[in-house]
Amino acid sequence: METKTLGFIGGGRITKIFLQALVNKQIELSSVLVCDTNSEVLNVLKKQFPKIQSTKSCEEVAKQDIVFIALHPPVIMETLEQIKASVSTHTQVVSLAPKITIEKIASKLIIKNIARMIPNATSYINEGYNPLSFAPEFSLTKKQSLLELLTTLGTTFEVEEPKLEAYAMISAMLPTYFWFQWKEMEKLGVEMGLSSEESIDTVHRTLQAALNLMYKSELPSEQVIDLIPVKPIGEHESQILEIYQTKLLGLFQKIKP
């Protein structure tokens, strides 16, 4: 893979996920520059990834070959205004946030090579499911090179830009709807007499098998669900579904462009 200088504007969770994925694939981090207004955030990141370079100057980061915008949507436009004079026509800018469209980014940065990506936390172990969209004018050669880099994170695929926010809800945030439940099941397993290791292994293996049963058995979902007759919390399913409907659709409306 051709070495490119990488810049991350924002040193939070998403940047940590990206850097760990690169480390896992033995990709050199000496050409990575990260900026953040919070010195403590940079210090924490440097402890985990000592080979990266860090700075408080986002303008300096914007001079790298590939620049990732790892910020929350409310501060992106003002940051783009701040760095626009530092970005060259050859720069590739990849936003990692929902809501702010390629068109809005292009209104600040008069360049062709703009992309957006919805990253997954599972990229931390190189098993991400990461959709991205490119500006129509994005260089084909640079696109292929960028895809090669991003594929190190896991499954990386191109989609129509209006679908990105749906992927944010149904993929990027998906684990948060279940993680706390899995941890509770581990705890209950211990209370019921299993060792911690036995409980963790049981939940882990059963979840993996259940996913395969639902999505790889070729049975209709109704028949899969019917394979287990006893459903201890079945009477509460409607309440849980209502939470999904109200909370998730409500949030989706907020993050849509």
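Couple of notes before you dig in:
- Considering only residues in the range 1-53 that are assigned to a strand (DSSP E or B) and without any contact (Cβ under 8 Å) to a residue 40 or more places away in the chain, the one that is farthest from the chain's Cα centre (by Cα) turns out to be GLN53.
- Note on the range 84-125: residues that are free of Cβ contacts under 8 Å to residues at least 40 places away in the same chain and in a loop (DSSP other than H, G, I, E, B) total 14.
- Entirely in the range 149-257, the helices (runs of 4 or more DSSP H) that have 3 or more residues that are loosely packed, with under 12 Cβ neighbours inside 10 Å: 179-191, 196-216, 221-226, 237-243, 249-255
- Pairs, first in the same structural domain as VAL94 (by TED's automatic domain parsing) in the range 132-152, second in a loop (DSSP other than H, G, I, E, B) and among the charged types (D, E, K, R), C-beta under 6 Å, six or more apart: GLU137/LYS112; THR152/LYS25
- For first residues located in the range 161-185 and over 14 Å from PRO119 (Cα atoms), partners that are of a type in the set (D, E, K, R) and surrounded by fewer than 11 Cβ atoms within 10 Å (Cβ to Cβ) and lie 6+ apart or on another chain with Cβ distances below 8 Å do not occur.
- Test result for THR101, of a type in the set (Ser, Thr, Tyr) and in the same structural domain as VAL67 (by TED's automatic domain parsing): yes
- Within the range 60-83, tally of residues that are part of a loop (DSSP other than H, G, I, E, B) and surrounded by 15 or more Cβ atoms within 10 Å (Cβ to Cβ): 6
- Across the range 126-148, the number of residues qualifying as of a type in the set (A, V, I, L, M, F, W, C) and assigned to a strand (DSSP E or B) comes to 2.
- LYS25 being in contact with a helix residue (DSSP H, G or I) (Cβ under 7 Å, 6 or more places away or on another chain) and on the phi > 0 side of the Ramachandran plot: no
- Within the range 110-119, considering residues that are hydrophobic (A, V, I, L, M, F, W, C) and surrounded by fewer than 20 Cβ atoms within 10 Å (Cβ to Cβ), the one modelled with the highest pLDDT: ILE111
The values are calculated or read from the model by the stated rules, or taken from the named source; none is laboratory data. Everything numeric in this text was worked out from a predicted model, so none of it was measured. With ideal geometry, Cβ positions are generated from the backbone for all residues, glycine too; neighbour counts draw on all protein chains shown.
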